[in-house]
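Engineer: Pasting in a structure now, in structure tokens, and then I'll have a few things to ask.
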Amino acid sequence: MTVGLFDTHTPMQPLMDEVKAAIERVVASGKYILGPEVSAFEREFAEYCGAGYGVGVANGTDAITIALRAMGIGPGDEVVVPSFTFYASAEAIPPTGATPVFCDIDPDTYCVTADTVRAALTPRTKAVIAVHLFGNVAPVAEIEALGVPVLEDAAQAAGSVSPAGRPGALGSAATWSYFPSKNLGCMGDGGMITTSDEQIAERARTLRFHGSHDKVTYEQVGYNSRLDELQAAILRVQLPHLDAWADGRRAAGEHYERAGLGELAKLPRPTAGAEPAWHLYVVSHSEVERLEGALAGAGIGHKAYYRTPIHRQAAMRAWGEGLSLPGTDEAARTHLAIPMSPVLTRAQAEEVVAAMRAAST
Ligand SMILES: Cc1ncc(COP(=O)(O)O)c(C=O)c1O
């Protein structure tokens, strides 16, 4: 048996008739852009998160740029962002005119903390992007207590919960990606902004539509960035199953623990009280190459997602040069994602752990 890094196929199989019916419904309607499916999904997803409004956009990267602008961020401002995350978390900042300021993470949780954010604050800081990395939940309230607005990058955290509520309703606004491999993934690109701030929602709605309310008058230079009807219809079929899928991801994490993975590598630690719907199950090890070799030899999926953190990427040189982020460097050097999905079985988890055990003996 080989175990893939993801399994996006199996959980969707029981839903395929419903998905096909949803696609046929949209095709029959002839309405493809900003129609009833997008409006309904915006409502349903915002409600799922516990937020007041949802604004569907084309992808999770646009969602960040648009949300920041809707929060009033622009030229001359600084936005604090972790360096250990997917590149888009930071890439989305310069198009607003603001400057990314990289902060460190806690290498045990892979998330920013109030302390790592505090170290990056200046009088020009106008927002912090708290990334709920790998499905863990960043401490949004503690960061807000520093006196800065928080934009949650929740792209990897659909289905996660925390004592303060679900990602998507913890900060001023939150951004989502429905990229196919995400916990809630569509069949193409898609994204969303959730917020309970009516003004932010209204600005985002205008920005995604060329900066216009009516496509006749243009108040701002905006974007053509919409979630489309087909993707929204597909996501509406999936949303009722998200919590069960999240439970499956948590159960997979428990299978790993019971199989003794903690003796072989450092396990990801949930932040205080959080129940992450692990998007990626990321362990760390000081000699991670040995684990990579063993897993490759056994035909088991694995991936180091962020070996080069963003502040060391060429495109970010202007903002990253000379920075010292020790937690980021440690995580970048030692992390490794191993198989995770809502349907990962105990036998599969045991096989992964056996392969890793063989590497350490
Ligand atoms: C943490 C994070 N932020 C932002 C994005 C960007 O989303 P998208 O690929 O939909 O633009 C992703 C996913 O790809 C992500 O994982």
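Engineer: Quick one: accessible area per residue over the range 224-361, 1.4 Å probe, rounded to a whole number of Å²?
Structural biologist: Details: 5880 Å² over 138 residues.
For the range 224-361, the per-residue accessible area is 43 Å².
Engineer: May I ask you to compute the full-extension gain from E18 to T217, defined as 0.36 nm times their residue separation minus their alpha-carbon distance, rounded to one decimal in nm?
Structural biologist: The E18-T217 span can extend by a further 67.7 nm.
Engineer: Around L336, under 14 Å between beta carbons, what's the net of Lys plus Arg minus Asp minus Glu among the other residues?
Structural biologist: Values: positive: K266, R290, K303, R307, R333; negative: E287, E289, E292, E330.
Around L336, the charge tally is +1.
Engineer: Running a GNM on the chain with Cα contacts under 10 Å, which residue among R205, R317, R249 ends up with the highest mean-square fluctuation?
Structural biologist: Highest fluctuation among the options: R317.
Engineer: Would you check the accessible area of V353, probe 1.4 Å, heavy atoms only, in square angstrom rounded to 10?
Structural biologist: 0 Å²
Engineer: Across all directions of projection, what mean area in square nanometres is found for the Cα convex hull of the range 199-248? Walk me through the numbers on the way to the answer.
Structural biologist: Numbers: hull surface 19.8 nm².
The number I arrive at for the range 199-248 is 5.0 nm².
Engineer: Sticking with this one: Would you please give the FRET efficiency between A145 and D243, computed as 1/(1 + (r/R0)^6) with r the Cβ-Cβ distance and R0 = 35 Å, to the nearest 0.05?
Structural biologist: 0.75
Engineer: Per residue, how large is the accessible surface of the range 90-162? Use a 1.4 angstrom probe and give square angstrom.
Structural biologist: The answer is 28 Å² per residue.
Engineer: Also: Rounded if a/c is under 1.5, else prolate if a/b is larger than b/c, else oblate: which is the range 110-207, with a ≥ b ≥ c the root eigenvalues of its Cα gyration tensor?
Structural biologist: Working: a/c = 1.93, a/b = 1.32, b/c = 1.46.
Taking the square roots of the gyration eigenvalues as a ≥ b ≥ c, the range 110-207 is oblate.
Engineer: Further question: Counting Lys +1, Arg +1, Asp -1, Glu -1, what net charge surrounds L207 among other residues with beta carbon under 13 Å of its beta carbon?
Structural biologist: Local net charge: +2.
Engineer: In the neighborhood of Y306, defined by Cβ-to-Cβ distances under 13 Å, what is the net charge if each Lys or Arg adds +1 and each Asp or Glu adds -1? Intermediate values should be presented prior to the final figure.
Structural biologist: Numbers: positive: K303, R307, R312, R333; negative: D329, E330.
Counting the neighbours of Y306, the net charge comes to +2.
Engineer: Can you give the charge dipole size of the range 240-353 about its Cα centre, rounded to the nearest 20 debye, using +1 on the beta carbon of Lys and Arg and -1 on the beta carbon of Asp and Glu?
Structural biologist: Dipole size: approximately 260 debye.
Engineer: Using unit Cβ charges (K, R positive; D, E negative) and no other charged atoms, how large, in debye to the nearest 20, is the dipole of the chain about its Cα centre?
Structural biologist: Around 400 debye, computed over the chain.
Engineer: I need the calculated FRET efficiency for the pair V343 and E289, taking r as the beta carbon distance and R₀ as 30 Å, to the nearest 0.05. Walk me through the numbers on the way to the answer.
Structural biologist: Details: r = 29 Å, r/R0 = 0.97.
After rounding, the FRET efficiency stands at 0.55.
Engineer: A further question on this structure: What whole-number value in cubic angstrom gives the convex hull volume per residue for the C-alpha atoms of the chain?
Structural biologist: Hull volume normalised by residue count: 128 Å³.
Engineer: Just want to confirm a number: the relative contact order over the chain, from Cα pairs under 8 angstrom separated by 6+ residues, in percent.
Structural biologist: Once normalised by length, the contact order is 23 percent.
Engineer: For the chain, what proportion of DSSP beta bridges, expressed in % and rounded to the nearest 5, is antiparallel?
Structural biologist: About 60 percent, rounded to the nearest 5.
Engineer: Could you tell me what percent of the accessible area of the chain is made up of carbon and sulfur, with a 1.4 Å probe and every protein chain present?
Structural biologist: Taking all protein chains in place, the chain shows 52 percent carbon and sulfur surface.
Engineer: Report the one residue of A318, I338, T328 whose Cα lies farthest in the direction of the positive end of the charge dipole of the range 267-361 (charges on C-beta: Lys and Arg +1, Asp and Glu -1; origin at the Cα centre).
Structural biologist: A318
Engineer: Fully extended, how many nm does the chain gain between R25 and E263 (0.36 nm per residue separation, minus their Cα-Cα distance)?
Structural biologist: Stretched out fully, the R25 to E263 stretch lengthens by 80.6 nm.
Engineer: Roughly how much of S160 is accessible, in Å² to the nearest 10, using a 1.4 Å probe?
Structural biologist: In the full protein context, S160 sits at about 0 Å².
Engineer: First measure r as the distance between the Cβ atoms of A272 and S324, then evaluate 1/(1 + (r/R0)^6) with R0 = 25 Å and state the FRET efficiency to the nearest 0.05.
Structural biologist: Values: r = 26 Å, r/R0 = 1.05.
So the FRET efficiency works out to roughly 0.40.
Engineer: Treat each spin label as a single point 7 Å out from the Cα along the C-beta direction, and report the Y305 to S39 distance in nm.
Structural biologist: 3.5 nm
Engineer: Let me ask something else about it. Report, in deg cm²/dmol and to the nearest 500, the calculated mean residue ellipticity at 222 nm for the chain, where each DSSP H run with n ≥ 4 adds -39500 (n - 2.57) and the sum is divided by the residue count. Intermediate results must be reported in sequence, preceding the final value.
Structural biologist: Values: 13 runs with 127 residues, N = 361.
Theoretical 222 nm ellipticity from helices: -10000 deg cm²/dmol.
The values are calculated or read from the model by the stated rules, or taken from the named source; none is laboratory data. In this text the structure is predicted, and so the values were computed from the model without any measurement. Reconstructed Cβ throughout: ideal geometry from the backbone, glycine too, with neighbour counts over all protein chains shown. Remember, those area values only see protein heavy atoms, side chains included, never the ligands or the DNA or RNA. Shrake-Rupley method; radii C 1.70, N 1.55, O 1.52, S 1.80 Å.
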